[in-house]
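Colleague: Here you go, one structure.
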Amino acid sequence: MAAPGPVTPEGRFDPSQPPVIEGFSPSVYSSPEGFKEKFLRKTRENPMVPIGCLGTAAALTYGLYCFHRGHSQRSQLMMRTRIAAQGFTIAAILLGLFASSMKSRH
């Protein structure tokens with residue numbers, strides 16, 4: 001394998017611009033993606049993660065409410081439900097990562 005020769009840039013170096021690397025595009029999108037657009041895109045890619053997060057937040061909120069009201073049995077049940085919802089969320093994240101890695105291979 002031959003060693004690559006010295007790279008001579010065409011034109012002057014402009015530090016305000018990203019370097020041009022053959023075969024690599026630093027951004028897939030033509031314009032910067034805002035929070036809302038990114039959130040909606042990620043939700044469409046893996047809708048189970050936001051559902052799991054909402055379930056976790058709901059179980060935590062209701063469990064704390066029951067604890068405040070003195071319903072210890074229901075509070076304990078909701079804390080266990082929260083743990084299950086967190087497990088569901090982690091499983092959804094891992095399955096989403098697995099699915100995206102399999103999609104990128106094909």
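Colleague: Taking segment 32-59 only, how many residues are open to solvent by 70 Å² or more (accessible area, probe 1.4 Å), more than 17 Å from Leu94 (Cβ to Cβ) and assigned to a helix (DSSP H, G or I)?
Modeller: Number of matching residues: 8.
Colleague: While we're on this one: Would you point out the residue of segment 81-97, among those that are modelled with pLDDT of 90 or more and over 16 Å from Gly55 (Cα atoms), that is surrounded by the fewest Cβ atoms within 10 Å (Cβ to Cβ)? Talk me through it step by step, then tell me what you get.
Modeller: Within segment 81-97, the first condition is being modelled with pLDDT of 90 or more, and the residues that meet it are 81-95.
From what's left, over 16 Å from Gly55 (Cα atoms): 94-95.
Details: Leu94: 10, Leu95: 13.
Per the stated criteria, the residue is Leu94.
Colleague: Let me ask something else about it. Would it be correct to say that Met78 is modelled with pLDDT under 95 and not β-branched (Val, Ile, Thr)? Talk me through it step by step, then tell me what you get.
Modeller: Details: modelled with pLDDT under 95: no; not β-branched (Val, Ile, Thr): yes.
In short, no.
Colleague: Right, something else. I need the full set of residues from segment 1-58 which are at pLDDT 85 or above and either over 28 Å from the mean Cα position of the chain (by Cα) or among the basic types (Lys, Arg) (or both), in order please.
Modeller: Just the residues of segment 1-58 that are at pLDDT 85 or above, to begin with: 34-58.
Correct list: Lys36, Lys38, Arg41, Lys42, Arg44.
Colleague: Let me ask another. Is it fair to say Tyr65 is at pLDDT 95 or above and either open to solvent by 100 Å² or more (accessible area, probe 1.4 Å) or outside any loop (DSSP other than H, G, I, E, B) (or both)? Outline the logic, then answer.
Modeller: Details: at pLDDT 95 or above: yes; either open to solvent by 100 Å² or more (accessible area, probe 1.4 Å) or outside any loop (DSSP other than H, G, I, E, B) (or both): yes.
Yes: the conditions hold for Tyr65.
Colleague: What are the pairs, 6+ residues apart or on separate chains, where a residue within segment 35-60 that is in contact (Cβ under 8 Å) with a residue 12 or more places away in the chain has its Cβ under 6 Å from a residue that is among the charged types (D, E, K, R) and surrounded by 13 or more Cβ atoms within 10 Å (Cβ to Cβ)?
Modeller: Within 6 Å, the pairs are Thr56/Arg82; Ala59/Arg82; Leu60/Arg82.
The values are calculated or read from the model by the stated rules, or taken from the named source; none is laboratory data. Bear in mind the structure is a predicted one, so any value in this text is a computation, not a measurement. As a convention, Cβ positions derive from the backbone with ideal geometry for all residues, glycine included, and neighbour counts pool all protein chains shown. Keep in mind that these areas ignore ligands, DNA and RNA; they rest on the heavy atoms of the full protein, side chains included. Shrake-Rupley method; radii C 1.70, N 1.55, O 1.52, S 1.80 Å.
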